[in-house]
Amino acid sequence: KEAAKALLSVQQPKLDPQANPETYSEALKSVQAQLSRGGYHVYTTIDKDIYESMRDIAKDGNNFTPDDKVKGTEQIGAVMMDSKSGAILGMMEGRDFFKEQLNHATQALRQPGSTMKPIAAYLPAMEKGALQPASVIDDVPIILKDGSRGFHIPENWDDGYHGLVTARRALNQSYNIPAIKLFVDVVGIKEAWEFAKKMGIVSITKDDYQAQTGVIGGLKYGVTVKELTNAYATIGNKGVFNETFLIRKITDSHGKVVYEHQLTPTTA
């Protein structure tokens, strides 16, 4: 399917899947059929050794809890990518992808928990010039508005508060209160999510712009593993974002290159 999307982007570059979903879906099916019988060769970014090693982890039942008749199979999703280019080197789609037909690395939305703190609180605050590692944040109880109960008092993972702490320690210890303060008061929710989008976090909803605890994982639906991998790869690439990609190039039956991925790095 990724190969079909890549080829379709060349054949019909103006076709927008968001604006014309039905037309896009039909065109995609046509290109998939074209690829299957047209003698095309598809070159991916996958490193076979890395992919097989990741699959071995997913196949080993000792790494997971036993299957449950109600909850089903415990799942896994993972992406390994080259932060310099965005090339996907390996992926775990899930433990029963061919049965479930759901890619737990690229499709399944999950709550990101504290992995969102650097992306939507600390980094945008530093980019804004309002924070440095030695900056002091007051880790004390705060009261947030709650649509159902009227108010909400968030807590830290250790059920305690720690007073004046440096940003470095607050992030290292994954304290919730400092992250929420940065997210809501220093950066601002709207600005925080706009910053996160530039790092590849694209599943943010309108409701998330109202969620004061979004920075600690309280999102409406969540994000994908691929989105988080993209964001952290941007950090590793010194703030330069490269969208993940799986298809390196496609050639036709005569060996002519009909699609080749082009890097489009942007500064987050």
The condition from (1) within 21 Å of Lys84 (Cβ to Cβ); (2) buried (at least 20 other Cβ atoms within 10 Å of the Cβ); (3) without any contact (Cβ under 8 Å) to a residue 24 or more places away in the chain that Asn242 misses is numbered (3)
Filtering segment 74-111 down to residues that are part of a loop (DSSP other than H, G, I, E, B) and either on the phi > 0 side of the Ramachandran plot or basic (Lys, Arg) (or both) yields Lys84, Gly86, Gly94, Arg95, Gln101
Being at pLDDT 90 or above, surrounded by 14 or more Cβ atoms within 10 Å (Cβ to Cβ) and of a type outside the set (Val, Ile, Thr): is that true of Leu102 here? no
In segment 233-242, is there at least one residue being on the phi > 0 side of the Ramachandran plot and either within 18 Å of the chain's Cα centre (by Cα) or among the hydrophobic types (A, V, I, L, M, F, W, C) (or both)? yes
Selection within segment 112-135 - outside any loop (DSSP other than H, G, I, E, B) and in contact with a strand residue (DSSP E or B) (Cβ under 6 Å, 6 or more places away or on another chain): none
Looking only at segment 10-56, which residues are surrounded by fewer than 15 Cβ atoms within 10 Å (Cβ to Cβ), over 25 Å from the mean Cα position of the chain (by Cα) and aliphatic (A, V, I, L, M)? Val10, Ala33
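Only one residue in Ala211, Ala231 is touching a residue at least 24 places away in the same chain (Cβ under 8 Å) and either among the β-branched types (Val, Ile, Thr) or surrounded by 15 or more Cβ atoms within 10 Å (Cβ to Cβ) (or both), so which one is that?
Working: Ala211 fails: touching a residue at least 24 places away in the same chain (Cβ under 8 Å).
Just a single option satisfies the conditions, and that option is Ala231.
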Yes or no: segment 248-257 includes at least one residue that is surrounded by 15 or more Cβ atoms within 10 Å (Cβ to Cβ), touching a residue at least 24 places away in the same chain (Cβ under 8 Å), farther than 21 Å from Ser135 by Cβ and not charged (D, E, K, R). yes
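The values are calculated or read from the model by the stated rules, or taken from the named source; none is laboratory data. Just so it is clear, the structure is predicted and the values come from calculations on it, not from any experiment. Positions of Cβ are backbone-derived with ideal geometry, glycine not excepted, and every protein chain shown enters the neighbour counts.
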